[in-house]
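S.K.: Attaching a single structure in structure tokens format; questions to follow.
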Amino acid sequence: MQNWLYLLIAGIAGGAMAFQGTFNAALGKIIGLWESTFIVHIIGTITAIACLLLLRVGLGNYSKLATVPWYAYLGGVLNVLIIYGVAQSIPKIGVGNATTAIIVIQIITALVIDHLGAFGMEKYSFHYLDLLGVLLLAVGARILFIK
């Protein structure tokens, strides 16, 4: 039952990503891509601060910052790349096509990280059915892109 809850949460996050990309692309068309990336991060920072203060969560762990591996801080850098890339690609190829490309590469990357147990993640064995799933997803992505 617990795995279903986490799958639901991940599914909601995936749906939110499609909306986020759409909204970021709309903002980028009006004020510019780098400007919209900046504004989105300001709004995200304000939202995170509000959650920390209003929900009173995550207020006690900052003393552990020095123990965090260097690569864990790259999420912020990658977030800028992601927001810019999504806002750049959606107006050119559409939300569905951009999201499909994102998902295909995201899954391939995730499978490699899982297989290697990279960056402190739990190691999950690679199965050849995973490759078949990615291949079918890529074929589906190609079919979606043909218009």
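The values are calculated or read from the model by the stated rules, or taken from the named source; none is laboratory data. Predicted model, so just to flag it, every value in this text is computed and none were measured. Don't worry about glycine lacking a Cβ; one is built from the backbone with ideal geometry, like all the others, and counts go over all protein chains shown. Please note that ligands, DNA and RNA were not included when accessible areas were found on the heavy atoms of the full protein model with its side chains. Shrake-Rupley method; radii C 1.70, N 1.55, O 1.52, S 1.80 Å.
S.K.: Please report the net charge: other residues with Cβ closer than 14 Å to the Cβ of Thr22, K and R +1, D and E -1. Don't skip to the end; give the middle numbers.
M.R.: On the way: positive: Lys29, Lys92; negative: none.
My count for the surroundings of Thr22 gives +2.
S.K.: What's the local net charge at Ile108, with K and R +1, D and E -1, over the other residues with C-beta under 12 Å away?
M.R.: Values: positive: none; negative: Asp114, Asp130.
Summing Lys/Arg as +1 and Asp/Glu as -1 gives -2.
S.K.: Turning to a different aspect of this structure: On full extension of the chain, what length is gained from Phe19 through Asn3, given 0.36 nm per residue of separation minus the C-alpha to C-alpha distance? Provide the component values of the computation, followed by the final result.
M.R.: On the way: separation 16, 0.36 × 16 = 5.76 nm, distance 2.45 nm.
Stretched out fully, the Phe19 to Asn3 stretch lengthens by 3.3 nm.
S.K.: Which value, in debye to the nearest 20, gives the size of the charge dipole of the range 26-147 about its Cα centre, when Lys and Arg are +1 and Asp and Glu are -1 at the Cβ?
M.R.: Using Cβ point charges on Lys, Arg, Asp and Glu, the range 26-147 gives about 220 debye.
S.K.: Could you please state how large a percent of the accessible area of the chain is carbon and sulfur, counting protein chains only and using a 1.4 Å probe? Before the final figure, lay out the partial values.
M.R.: Values: 8390 of 11200 Å².
Answer for the chain: carbon and sulfur cover 75 percent of the accessible area.
S.K.: Under a crude label model (7 Å from the Cα following the beta-carbon direction), how far is His41 from Ile103 in nanometres?
M.R.: 2.9 nm
S.K.: How large is the direction-averaged shadow of the alpha-carbon convex hull of the range 35-94, in nm²?
M.R.: Spelled out: convex hull of the Cα atoms, projected over all directions, averaged, 5.5 nm².
S.K.: Still on this structure: Sum up the lysine pairs in the range 22-147 that clear both bars: alpha-carbon distance under 30 Å and a spacing of 8 or more or different chains. List each step's numbers first, then the result.
M.R.: On the way: Lys29/Lys92; Lys29/Lys147; Lys64/Lys123; Lys92/Lys147.
Final tally of qualifying lysine pairs is 4.
S.K.: Can I ask one more? Return one whole number: the accessible area per residue of the chain in Å², for a 1.4 Å probe.
M.R.: Values: 11200 Å² over 147 residues.
On a per-residue basis, the chain sits at 76 Å².
S.K.: Return the single residue from Thr47, Thr37, Thr99 with maximal mean-square fluctuation; model: Gaussian network over the chain, springs between Cα atoms under 10 Å.
M.R.: Evaluated over the chain, the most mobile residue of the options is Thr47.
S.K.: What list of ³J(HN,Hα) values in whole Hz, one per residue of the range 104-113 in order, does the Karplus curve 6.51 cos²θ - 1.76 cosθ + 1.60 (θ = phi - 60°) give from phi, with Gly and Pro shown as x?
M.R.: Residue by residue, the range 104-113 yields 4, 5, 4, 5, 4, 4, 4, 5, 5, 4 Hz.
S.K.: Looking only at Cα atoms, what is the convex hull volume of the chain per residue, in Å³? List each step's numbers first, then the result.
M.R.: Details: hull volume 21.9 nm³, N = 147.
It is 149 Å³ per residue.
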